[in-house]
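The values are calculated or read from the model by the stated rules, or taken from the named source; none is laboratory data. Since the model is a prediction, treat every value here as computed from it, not as a measurement. Every residue, glycine as well, gets a Cβ built from its backbone with ideal geometry; the counts of neighbours run over all protein chains shown.
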Amino acid sequence: MPKVIIAGAGLVGALNACYFAKRGWQVEVYEYRKDIRTMKHVHGRSINLALSQRGKSALEAVGLKDYIVNQGVPLYARLVHNKDGKTFSRQPYGQPGEHIVSINRRHLNEVMITQAEKCDRVRFFFEHKIRSVDLDKKELVVEYIGGSKIPQPGKKSESPQLRVSADLIIACDGAYSAVRRSLQTHPRFDYHQEYIAHGYIELNILPKNNDYALEPNAFHLWPRGHFTLIALANKDKTFTVTIFAPFEEFEKHMSNPHDVRQFFQENFPDAYELLGRDHIQDMFSRVKPQSLVSIKCSPHHFSDFVVLMGDAAHAMVPFYGQGMNCGFEDCLVFSEILDQMSDDIPKTLAAYTENRVKEAHTIIDLAMYNYDELKDLVNHSSYKLRKVFDLW
Ligand code: FAD
């Protein structure tokens, strides 16, 4: 039976493990973090995400779609909040019944890890940091970073560093992929990275009278020119609220409790009431804005056994709501090509790059285009007419 090694047990790595479990391959997953199912707090990016049709189809192929969708909150329309804090406009996402879903990132990740682990050919190695790939020896160099001595797969060694090999290595280790970094000097590998001027901070709206404080089944948007606020409902009746603004704006208008309060009161009066002064001031005093990066590279594979997927291959700004969805689709597309090529890995890798690079670059461009558009939204009364927006 062929063996696959997956670098990273984030969203795309965990889904890939489900795909290869179903295919009957032997699967090893190496993940830097502890097992998130055992952790109290998991640090990282957005608390919730919008799952679209692209992602749903990929989950369906491994039998997870219905379960996951039922764990989320359906969003049927976008609600654009005006600056007066009282009025808004509603823009349905599609035909009646069509919707995207607000999903909790951690829960989604945990469900996929548990699902993959049900298969006894799948093993997860947490607290294992990928260092590099050795293309000549066809090995992945991994370091155990946990406290005690480790269960090293098939090897007896005192060294925390181990070398593992497989027929196929899939790098799903995110935007700052160690696998990609170690192969960056590979001849004819193109790589482009761009940080945008905006950063983001996440806040939280608590339930009001034991119920949602805003309409739950809508994507709430407060576009205000070059900064904007969004809110997505969670199953526990809270909302995760994210403010996106240029780092300069954070420094100029949100760097002390008085200024940040004034900024929210002036620009998002209705959201301000629901978030509460103390929560806003507390979050801004504790949390620094996080950066957003867009990454293109080509090809998406190296030699005849390494392939990049998810953010490792195509990190994008979140203004199209497609980063995870596109990463999920990578798993589906790769699996379909493997089928077509009767599990011939070198042929699959070549066909995958041929198919996927163009698609990934297009969606990265669309996300960036939406970012540019968003900055001008406040001046565009035609916003509701624009079809280009997928989720936002
Ligand atoms: P990651 O989620 O980054 O997972 C990578 C995994 O690899 C992690 O578990 C990490 O610990 C591990 N890892 C990293 N380095 C190593 C190493 N050296 N060794 C071992 N393991 C390692 N997308 C959507 O589709 N819809 C949305 O609504 C949406 N909203 C977003 C909002 C924000 C604010 C942001 C920032 C992003 C959003 N995205 C959204 C994008 C989405 O978060 C990413 O596209 C998605 O997380 C990519 O998944 P991944 O598994 O490729 O990478």
Any hit, region 8-16, residues being surrounded by fewer than 24 Cβ atoms within 10 Å (Cβ to Cβ) and out of contact with any Phe, Trp or Tyr (no Cβ under 9 Å at 6 or more places or on another chain): no
Selection within region 312-322 - within 8 Å of the ligand (Cβ to nearest atom) and aromatic (Phe, Trp, Tyr): none
Members of region 24-49 found to be surrounded by 17 or more Cβ atoms within 10 Å (Cβ to Cβ) and under 19 Å from Gly63 (Cα atoms), listed by number: Trp25, Val27
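Residues checked against (1) out of contact with any helix residue (DSSP H, G or I) (no Cβ under 8 Å at 6 or more places or on another chain); (2) surrounded by fewer than 16 Cβ atoms within 10 Å (Cβ to Cβ):
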| position | (1), (2) |
| --- | --- |
| Val260 | no, no |
| Gln265 | no, yes |
| Ala271 | no, no |
| Leu274 | yes, no |
| Asp278 | yes, yes |
| Gln281 | no, no |
| Val287 | yes, yes |
| Leu292 | no, no |
Pairs with Cβ under 9 Å, 6+ apart, first in region 334-355 and part of a loop (DSSP other than H, G, I, E, B), second of a type in the set (Ser, Thr, Tyr) and crowded, with 19+ Cβ neighbours inside 10 Å: Met341/Thr348
Residue within region 329-345 that is touching a strand residue (DSSP E or B) at 6+ places or on another chain (Cβ under 9 Å) and over 30 Å from Val12 (Cβ atoms) present: no
So Asn325, is it under 19 Å from Ala197 (Cα atoms), within 14 Å of the ligand (Cβ to nearest atom), buried (at least 21 other Cβ atoms within 10 Å of the Cβ) and not acidic (Asp, Glu): no
Tally of residues being in a helix (DSSP H, G or I), under 18 Å from Ser52 (Cα atoms) and either in contact with a strand residue (DSSP E or B) (Cβ under 9 Å, 6 or more places away or on another chain) or among the acidic types (Asp, Glu) (or both) across region 304-327: 7
Close pairs from region 189-211: first assigned by TED's automatic domain parsing to the domain that holds Pro299 and more than 23 Å from His361 (Cα to Cα), partner at pLDDT below 95 and away from the ligand (no atom under 15 Å from the Cβ), Cβ under 8 Å, at least 6 apart: none
Residues of region 244-265 satisfying the condition of being touching a His at 6+ places or on another chain (Cβ under 9 Å) and under 17 Å from Lys83 (Cα atoms): Phe244, Ala245, Val260, Gln262, Phe263
Subset tally (residues that are more than 15 Å from the ligand (Cβ to nearest atom), assigned to a strand (DSSP E or B) and surrounded by fewer than 21 Cβ atoms within 10 Å (Cβ to Cβ)) for region 105-133: 0
Filtered residues of region 216-258 (kept if away from the ligand (no atom under 15 Å from the Cβ), of a type outside the set (Gly, Ala, Ser) and either under 25 Å from Ser89 (Cβ atoms) or in contact (Cβ under 8 Å) with a residue 60 or more places away in the chain (or both)): Pro216, Asn217, Trp222, Pro223, Arg224, His226, Lys235, Lys237, Thr238, Glu249
Residues of region 32-58 satisfying the condition of being within 11 Å of the ligand (Cβ to nearest atom) and either of a type in the set (Ser, Thr, Tyr) or in contact with a Gly (Cβ under 6 Å, 6 or more places away or on another chain) (or both): Tyr32, Ser46, Ala50, Ser52
Of residues in region 134-143 being touching a strand residue (DSSP E or B) at 6+ places or on another chain (Cβ under 8 Å) and not hydrophobic (A, V, I, L, M, F, W, C), the one surrounded by the fewest Cβ atoms within 10 Å (Cβ to Cβ): Lys137
Region 238-275, residues that are assigned to a helix (DSSP H, G or I) and among the hydroxyl-bearing types (Ser, Thr, Tyr): Tyr272
Given (1) in contact with a Leu (Cβ under 7 Å, 6 or more places away or on another chain); (2) farther than 16 Å from Gly199 by Cβ, index of the condition Lys235 fails: (1)
Check on Lys384, among the charged types (D, E, K, R) and either modelled with pLDDT under 95 or more than 16 Å from the chain's Cα centre (by Cα) (or both): yes
